[in-house]
Every structure is written in C-alpha cells, then in structure tokens.
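Below is one structure, written out as structure tokens; comments come after it.
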Amino acid sequence: MTSPARGGVFSKATDERVVRFTESISFDSRLYAHDIAASVSHARMLLDVGLLSKNEFSQIETTLRKIEQEIEQGQFAFDERLEDIHMHIEQALIERLGDVGRKLHTGRSRNDQVSTDFRLWCRDAIDEMDIRIIALQTAFVERCEIDEGVILPAYTHLQRAQPVLVAHYWLAYCEKFERDRGRLSDCRRRSNKCSLGAAALAGTSLPIDRQQVATELKFDGVANNSLDVSSDRDFVLELAFVLTMVAEHLSSWAEEWILWSTVEFNYIGLPEHFCTGSSIMPQKINPDVLELIRGKTARVVGNLTSLLTLIKGLPLAYHRDLQEDKPRLFDSVDTVAACLDLAAPLVQGAQLKREAISERLEQGHMDATTLMEWMIQRGIPQRTAHHLVGVLVAKALDRGVALRELSLEDFQQADADLDEQVYEVLGVENAVQAFVSQGSTAPREVAGQVRLWRERLGLVS
Ligand code: ARG
C-alpha cells in the first residue's frame, strides 16, 4: 500500500525503516472523529462553491460516516505505510469511491488539515478538562460544610504561622483551579480559529469559502494568515502550559496532604481504598495516589519543555518536526485528566482528624500576630508592638506555655497600659474570631465565600 501523498514524482517505494520512523498513525488515530468532521464540512463547502456535485458530496459524506463508524468499532485496519490518520481516511475513501474520493483533498493540504483537526481536538479536550476541574472544586466546596468551624494551623516556611478555618484552605484551592479554568477558556478563545483553507502555506487559487467551513465547525472565524497557519502551534503550547499549571496546583495540594497524613502531622486520614500497602512492613498505609499525582506533574512539565524546544528553531512554515507535538500534548491531557479524576474522590473521602488537630492547636503561639494587632489598636506603634510581643513569646517559650497562660503582670511588664482585655484575643479560637479583613479567614468572610462558591457551582444549600 502506498500513500496517496506519494505521487508521480517517485519511482521507488519508501524504505521500510523510513516508513517506521516517520509514521504518526500510532498516535494520531485519536484525531479520526475530528478529521472526519472537518472533511465533511470541507466537502460541503466544495459542493457549495461548485467544486463537487451534489451526488459526489453525498457519496463522500456517507462514506466518511461509514469509515468513522468502522474506526469507532475497531473494524478499521491501520497500516503505518499510510503514515497518518489523514491519509488513512482519504485512502479508504479513494478505495471505496475511486475518482470521487480523489476529489476530497481539493483546496486543502495536510498542513491546514492537521492544524484544523488538532484545534478541534484541543477544543474538546479543554471542555472536558473544565468539567473535571469543576468536579474537583465541587468536592472542596462540599467539604467546607462537612468541616465547618474546624481550625487548622496555616504555615509559612512550613512553620506554624496563624490559625485559619479549614474551609479557608479548601477555598484557596478552589481559587487556584478557578484561575486555571480562566486560562483554559482564554486558550480556547485564542485557539478557536479555523485553519482549513490555508492549504500548504500560501492559500489556494481555487474559489473556496473558508468562512463557511469555519462557521460549520463552530470556529470563531478563520485564521488570517495562511503562512502563519502551517507553523502555528501556539494553541498546543498554550494548552500544555495551562495543563502544567493545573498539574502544579494538584502537585502542591498532594504534597500538603501527604504531609498532613503523616503521624507527625496527623491532620487527615485518607480513604483506605485510595491507599496502598507495603510488601514488607505490615503497618504501612501509603498515600501512593497523592505521590503519583505529584510525580506525574514531572512529565507534564517535561511535555511543556519538549514542546517549547520543538518549535524554537522552526522558520516558516510547516516542518515535519511538528508531528512530534501530538504525543506530548496527548500525554499532558491524559495525565492531568487522570490526576483530576482521582483527586476529586480523594478530597471527598478524606477525614479530618479533628481531635488530633485541636489537641495541639495552641502550640506554636499562632495568636501572636493578633495580639500585636490588638496592641496596635490600643495606640502602640506596629514596630513597638511587634517587639513587645516578641519578648512575650520568648517568655512563653522559656516557660513552655501558651501566650494566654502568661499572667497579667507579665503583660504589664511589657507595657504598663495593658489590661485584662488582652485575654479576649488570646488563644487560637479568639484569634480566628478577631479577623475582619476582606478575603481573610474571618468566619463571616469565609461563610460568605462558601456561599459564593456554592452559587457559582450551582450547589443547593
Ligand atoms: N503526519 C503529519 C503530521 O502529523 C501530517 C502533515 C504532513 N504534512 C507534510 N507536509 N508532510 O504533522
């Protein structure tokens, strides 16, 4: 079998090693449905501009649909000598329709075809990814109700910093993933331009109607410059980057929960059916899924790096190097989708170890900053208050007690004007209640944010 692209100029068959080296059917068969959708729209346009007859169009459409069904049902034979999905579908058409099949490639090239198919595929991948991200956000927001009122240390430098409501934690992740959703939708908008009709690189002398094809395929218009089209892989890189951000967010969350599930932290119990055991240590319950979410982020970063490197030295316009874009992006999409699919049930199924958390909540003097702010409200300059609280913390550390366990004399030694009311802001519970600023962990703020998120995600209260 020879490729329809190997025309009269060749007299020798392609070397077998070259066939094997250059094929892309082993991965681009995934584009079949998009290739067929684009071909049907292209053929309908050829009919409308008078380059195909009604009868020819209808034979082409019916046969393409038949081929689509066969591929779907696994009844279509792939052969690396036909290189890619575009050639397979066209060759099957020619085998079945003869000269009518030979007309489909009128006014187009594989360069604009592959770009169109891939854009359509990316568009679907973006829409499906968005649904997965929403499912994860939903899991976090649902937890806010389950874990209502629970206070947890928040950290900087992995040192206890200030107390927060755990819902504040969950919504922090929702915000990150919301930005990823925004990036996905930006990427979709920029990518959603029709390449078809740019032909090889310069356009065509045939009277095609690009706008018609674009409209039928639900693109927001045509890509303006034919020379740009065949080299443009911005949409692939942009999506690879957005997926990398999603993976990075998942990875930090996974790392946090791995820490939280240790005996040392003991904040969270992971659902047992999402953990694995050790072949030698009978007591082990390991967070492998979280570790792999963190680990798989490496390949998503690697894919982005590969893609950036792939295009960096390519002059206009198409180069075969570009064929290497698909395995990288497919892998990023598959990997991030798989991570999201496991992250959501993990978030749902985990249990906070409320007692273990609250037992140690007064450790670490997390009320120190609130105490300082209380002093500021009493007219003490911030730098002075910062110093005084530092002295008080040193005293507490020395005695191995919490700030609220210091005596009034201790406080008055720091500043003679301090009175009994100081105890109203001490202790983690009081510290959390003291917050007021917008976007803070103030209970009112958090409750408002939870409400907003529930509304945004269409959850009923
Ligand atoms: N298999 C090729 C790819 O995926 C199709 C485009 C080939 N174009 C060309 N001018 N050889 O990139």
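For the range 10-129, a Kirkwood hydrodynamic radius built from all Cα pairs, placed in the Stokes-Einstein relation at 10 °C and 1.306 mPa s, yields a translational diffusion coefficient of 105 µm²/s. When the alpha carbon coordinates of the chain are projected onto the principal axes, the ranges are 100, 54, 45 Å, largest first. In the distance distribution for the range 332-461, Cα-Cα pairs more than 21 Å apart total 57 percent.
With respect to the chain, whose longest principal axis is taken over its alpha-carbon atoms, helix 166-191 is tilted by about 20°. If you take all other residues with their beta carbon under 15 Å from the beta carbon of LEU397, and give Lys and Arg +1 and Asp and Glu -1, the sum is -1. Between SER278 and GLN75, take the C-beta separation as r, use R0 = 45 Å, and let me know the FRET efficiency to the nearest 0.05. For SER278 and GLN75, the calculated efficiency is 0.50.
To put it simply, the accessible area of the chain at a 1.4 Å probe is 51 percent carbon and sulfur. Packing here is the average count of other Cβ atoms within 10 Å per residue, and on that basis the peptides 385-393, 182-190, highest first, run 385-393, 182-190. Alpha-carbon geometry of the range 66-116: the Rg and the Dmax are 11.3, 31 Å, given in that order. Taken about its Cα centre, the range 293-359 carries a charge dipole of roughly 120 debye when the Cβ of each Lys and Arg holds +1 and the Cβ of each Asp and Glu holds -1.
Each residue of the range 396-407 is assigned a 3J(HN,Hα), and the resulting list reads 4, 4, 4, 8, x, 10, 7, 4, 5, 8, 6, 7 Hz, derived from the Karplus form 6.51 cos²θ - 1.76 cosθ + 1.60 (θ = phi - 60°), x at Gly and Pro. With the simple model of a label 7 Å out from the Cα in the direction of the Cβ, ASP415 to THR215 spans 7.2 nm. Shown in residue order for the range 208-216 are the 3J(HN,Hα) couplings computed by the Karplus curve 6.51 cos²θ - 1.76 cosθ + 1.60 at θ = phi - 60°: 7, 10, 5, 4, 4, 4, 4, 5, 4 Hz (x for Gly and Pro).
State the extension gain, in nm to one decimal, for the chain segment bounded by ARG383 and SER437, taking 0.36 nm per residue of separation less the distance between their alpha-carbons.
17.4 nm
Relative to the longest principal axis of the C-alpha atoms of the chain, give the angle of the C-alpha long axis of helix 234-260, reported between 0 and 90° and rounded to the nearest 10°. That works out to roughly 30 degrees. Pairs from the list LYS66/LYS218; LYS176/LYS312; LYS218/LYS296 with a Cα-Cα gap above 27 Å: LYS176/LYS312; LYS218/LYS296. Using the 1.4 Å probe convention, the accessible area of the range 26-66 works out to 40 Å² per residue with neighbouring protein chains retained. The listed residues HIS365, HIS168 rank as HIS168, HIS365 when sorted by accessible area, largest first, using a 1.4 Å probe. Can you give the translational diffusion coefficient of the range 158-197 in µm²/s, computed by Stokes-Einstein from the Kirkwood radius over Cα pairs at 20 °C and 1.002 mPa s? Estimated via Stokes-Einstein, D reaches 164 µm²/s.
In order along the range 274-284, the phi-based Karplus estimate (6.51 cos²θ - 1.76 cosθ + 1.60, θ = phi - 60°) of 3J(HN,Hα) comes to 10, 10, 10, x, 10, 7, 10, 9, x, 7, 6 Hz; Gly and Pro are listed as x. Counting 0.36 nm for each residue step from LYS66 to ALA13 and taking away their Cα separation leaves a gain of 16.1 nm. Backbone amide hydrogens, once placed in the peptide plane, bring ALA154 within less than 5 Å of ALA161, GLN162, VAL164, excluding anything fewer than 5 places away on its chain.
Segment SER58..ALA356, full-extension length gain: 100.3 nm, with 0.36 nm per residue of separation and the alpha-carbon distance subtracted. Considering only LEU346, MET375, LEU290, the residue lying farthest towards the positive end of the dipole of the range 268-388 is MET375, judged by Cα position with unit charges set on Cβ.
Between LEU314 and ASP124, the simple label model (points 7 Å from Cα in the Cβ direction) yields a spacing of 2.2 nm.
Summing charges over all other residues whose Cβ lies under 11 Å from the Cβ of CYS275, with Lys and Arg as +1 and Asp and Glu as -1, gives -2.
The values are calculated or read from the model by the stated rules, or taken from the named source; none is laboratory data. As the structure is a computational prediction, the values presented were derived from the model and not from experiment. Ideal geometry is used to build each Cβ from the backbone, glycine not excepted, and the neighbour counts take in all protein chains shown. Ligands, DNA and RNA are excluded from the accessible area calculation, which covers all protein heavy atoms including side chains. Shrake-Rupley method; radii C 1.70, N 1.55, O 1.52, S 1.80 Å.
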